[in-house]
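First the structure, in the form of structure tokens, and then the observations on it.
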Amino acid sequence: MEYILIFIAAVFVNNIVLAQFLGICPFLGVSKKVDTALGMSAAVTFVLTIATIVTFLIHKYILDSFGLGFMQTICFILVIASLVQMVEIVLKKVSPALYQALGVFLPLITTNCCILGVAILVIQKEYNLLETIVFAVSTAIGFALALIIFAGIREQLAMTKIPDSMRGTPIALITAGLLAMAFMGFSGIV
């Protein structure tokens, strides 16, 4: 039951983008088309899950064992940067179109505070390995859900008549705020 609560809380109640405001850069930057949002969601899901597991193990078995907790942030950033490079190389070979569509936002996963935030949150919440995996996957699903919904709304907005002063970033920020308020409706669940 505890794992279900972690899942529901991470996806809906404490959505990493809409409630904790981590990962806003790719959320706003890659959300103009649903297919690009799907690709970014897949890349972030992979990196987030693997990075959280690896950083958890490094923290538990290396940093804590040798009293090097102060190296946590630097170590985590290095692990995340390495994983992003790996994803970039694989995407370039497997799907050049998606690699081109993601453009500059793929290397930005390296500095995506969502990934570093989740890696640090599992340490702060003192989760065990299974809870860490559930939290990482759930958070990635929540990120993907928010990004894909937002991309779908932005595609629809592109086809509607909007005043010139509201086009682009202003309407995107208003939409993101409304989406965040919609997700607040889930706060009574957990």
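The values are calculated or read from the model by the stated rules, or taken from the named source; none is laboratory data. Remember, predicted model here, so these are calculated numbers, not experimental data. Note: ideal-geometry Cβ built from the backbone for every residue, glycine included; neighbour counts use all protein chains shown. These area figures cover heavy atoms from the full protein model, side chains too; ligands, DNA and RNA do not enter into them. Shrake-Rupley method; radii C 1.70, N 1.55, O 1.52, S 1.80 Å.
With θ taken as phi - 60° and the Karplus curve 6.51 cos²θ - 1.76 cosθ + 1.60 applied, the whole-hertz 3J(HN,Hα) list for segment 96-104 is x, 5, 5, 4, 5, 5, 6, x, 6 Hz, x standing for glycine and proline. Between residue 190 and residue 38, the C-beta separation translates, for a Förster distance of 25 Å, into a calculated FRET efficiency of about 0.40. Peptides 40-47, 183-190 ranked from most to least packed by the mean count of surrounding Cβ atoms within 10 Å: 40-47, 183-190.
Bridging of residue 60 to lysines at a Cα separation below 20 Å is possible for 125, once same-chain residues fewer than 8 apart are set aside. Under 12 Å of direct C-alpha separation, and excluding same-chain neighbours fewer than eight residues apart, residue 33 reaches these aspartates and glutamates: 155. Taking the centroid of alpha carbons for each part, segment 1-52 and segment 95-150 are 5 Å apart. Any idea of the accessible area per residue across the chain, 1.4 Å probe, to the nearest Å²? It amounts to 51 Å² per residue over the chain. Working note: 222 nm ellipticity from helices only, DSSP H runs with n ≥ 4, each -39,500 (n - 2.57), summed and divided by the residues of the chain, gives -22000 deg cm²/dmol to the nearest 500. Considering only protein heavy atoms and a probe of 1.4 Å, how much of the accessible area of the chain is carbon and sulfur, as a whole percent? Here carbon and sulfur together make up 71 percent of the probe-accessible area. How far is helix 34-58 tilted, in degrees, relative to the longest principal axis of the Cα atoms in the chain, given as a value from 0 to 90 rounded to the nearest 10? Helix 34-58 and the main axis of the chain meet at about 10 degrees. Packing, as the average of other Cβ atoms within 10 Å across residues, places the peptides 82-88, 9-15 in the order 9-15, 82-88, highest first. Sequence-ordered 3J(HN,Hα) estimates for segment 158-165 from the Karplus curve with 6.51, -1.76 and 1.60 and θ = phi - 60° stand at 5, 9, 9, 7, 10, x, 4, 5 Hz, glycine and proline given as x.
Each residue of segment 116-131 was assigned a 3J(HN,Hα) from its phi angle through the Karplus expression (A = 6.51, B = -1.76, C = 1.60, θ = phi - 60°), giving 5, x, 5, 4, 6, 4, 5, 6, 5, 7, 6, 6, 7, 4, 5, 5 Hz with x at Gly and Pro.
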